[in-house]
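Enquirer: I'd like to ask you about the structure that follows.
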Amino acid sequence: MRTALTLLSLAALLGATSACSMGGDDVSAKSREQDVVDTVADAVPLAQDALGASKVLVDGKWSSCPGGVGHRFAGGGTLSAGEGDAAAQLEAVRDALVGAGFEDGTQVDGHVSVTRDEVALDFQQQLAATTPGTWKVSFQGPCKRYSGDDEDYVKAQGLEPARTLLD
C-alpha cells in the first residue's frame, strides 16, 4: 500500500511539473530569450496594422514560472488604436496572426490568444471606460529549467528592470 501511495505521489509531482522541462533545456537561455523576442516582434506589428494602432510599447523580462519551477521570458504592453467595433477589431487581429502562421488557441471571449514555437501571446481591449482605444498584449515563453551559465544569466536578468522590446 505504501509503495502504491509513493508511486501515485511521484506521478502527481511529475504531472504538476510537466509545464517545465524536468532537465536542462537544450537551448541556451539567451537563444530562448531571442526566440521569444523574435516571435513577439513578428506578432505585434501584425496586430498593430490590423488595429491601425499608432503607438506600441512592449516590455519583457525573465521571471519564475508558477510554482517556482523553472523560468520563462515574459512580458506585455499596450497598443494605442482608434476607437472602433471591438469584435471586428479582434477578428482583424486574429485573421492577421493566423494568416501569418500563428495557431489560434482563443478560449475567452474578448481575447485573441495565439501560439507559435512555444510562445503564447494574448491580445485584448482594455476597459473602454478608462482607456478607449487601448489594447493590452501579453506574452510568455515556455517554462524551462536552466543550470550553469544559463541559470546565472536568467537570474541576473531577472534582477534587471523590464527591457523595452518594441516602441
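Enquirer: Evaluate the range 70-111: find the radius of gyration of its Cα atoms, find its Kirkwood radius, and give the ratio Rg to Rh.
Expert: Over the Cα atoms of the range 70-111, Rg/Rh equals 1.03.
Enquirer: What nm value, rounded to one decimal, do you get for the distance between Leu127 and Arg163 when each label is placed 7 Å out toward the C-beta?
Expert: With each label point 7 Å from Cα toward Cβ, the separation is 3.3 nm.
Enquirer: Fully extended, how many nm does the chain gain between Ser138 and Ala100 (0.36 nm per residue separation, minus their Cα-Cα distance)?
Expert: Length gained between Ser138 and Ala100: 11.8 nm.
Enquirer: Taking one equal scatterer on every alpha-carbon of the range 45-164, how large is log10 of I(q)/I(0) by Debye at q = 0.23 1/Å?
Expert: For the requested q values the scattering log ratios are -1.26.
Enquirer: Taking Lys155 as the anchor, which lysines have their alpha carbon closer than 19 Å to its alpha carbon, excluding any fewer than eight residues away along the same chain?
Expert: Excluding near neighbours in sequence, the set is Lys30, Lys61, Lys144.
Enquirer: So what is the accessible area of the range 70-167 per residue, in Å², with the probe set to 1.4 Å?
Expert: Value for the range 70-167: 53 Å² per residue.
Enquirer: Pull out the extension gain between Gln107 and Asp59, defined as 0.36 nm times the separation in residues minus the alpha carbon to alpha carbon distance; nm, one decimal.
Expert: Gain on extension, Gln107 to Asp59, equals 14.8 nm.
The values are calculated or read from the model by the stated rules, or taken from the named source; none is laboratory data. Every value quoted in this text rests on a predicted model; they were computed, and no experiment measured them. Cβ coordinates were reconstructed from backbone atoms using ideal geometry, including for glycine residues, and neighbour counts include every protein chain displayed. With ligands, DNA and RNA removed, areas are computed over all heavy atoms of the protein, side chains included. Shrake-Rupley method; radii C 1.70, N 1.55, O 1.52, S 1.80 Å.
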